[in-house]
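Worksheet: the structure to be examined is printed underneath.
No lab work stands behind these numbers, since they all come straight from the coordinates. What you see is a predicted model; the values in this text were computed from it and never measured. Here Cβ is always computed from backbone atoms with ideal geometry, including for glycine, and neighbour counts include all displayed protein chains.
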Amino acid sequence: MKKSIVFILGLAIGIGASYFYFNCDQKEVALAIVKPSGIITPAQAKVLDANWTKTRKRAVDSAAGRPDNRSSWWSLKDMRDYLNYAENQSIELGYTMNGVRIYLGVYGGKAPNGKADYTTMFLVPTGRKSVSQGSMINLALQGGAKDISDADAFNDGGNGVPPDSGYPQ
């Protein structure tokens, strides 16, 4: 009798799991993807890149003393890991993370991997100081996307190939 009950229970769980697995509406997953504001077309990206080349490249290369790096690359895994890490660290520091700001920087003369004196980009989390539920402070007065300067920044992206290549590579 016990074996029959276990068998019937196992069969019911298996049928139920199979039903949900095979009947999961994939359209719902696709609908969950939202096109963010700020998306531009490849043609618009080419225009922005051409404008940078026309108005900035000569000055930047002259300051660097050679053709300088003009892009950074990170893997999806590293980006996702950093965003999760930064959001968690922001919470620990008492902030609500609401975005990321990208800054330009320059590696020092002793940087490894051939990056010495090249331009780089690094990311920092932005957000607002968290307020307790009982607070009377107006959140609107706290400002928008301020850097969370106590949080770790994210760098070490790959240079362009070659470093001075424009869009698209």
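Which of the listed residues, 154, 85, 103, is farthest toward the dipole's positive end in region 71-159, when Lys, Arg count +1 and Asp, Glu count -1 at the beta-carbon?
103
May I have the extent of the alpha carbons of region 71-159 along their three principal axes, as whole Å values ordered from largest to smallest?
53, 24, 19
Let me test this: with uniform point scatterers at the alpha carbons of region 37-101, what is the Debye-based log₁₀ I(q)/I(0) at q = 0.15 1/Å?
The Debye formula, applied to the Cα set alone, gives -0.78.
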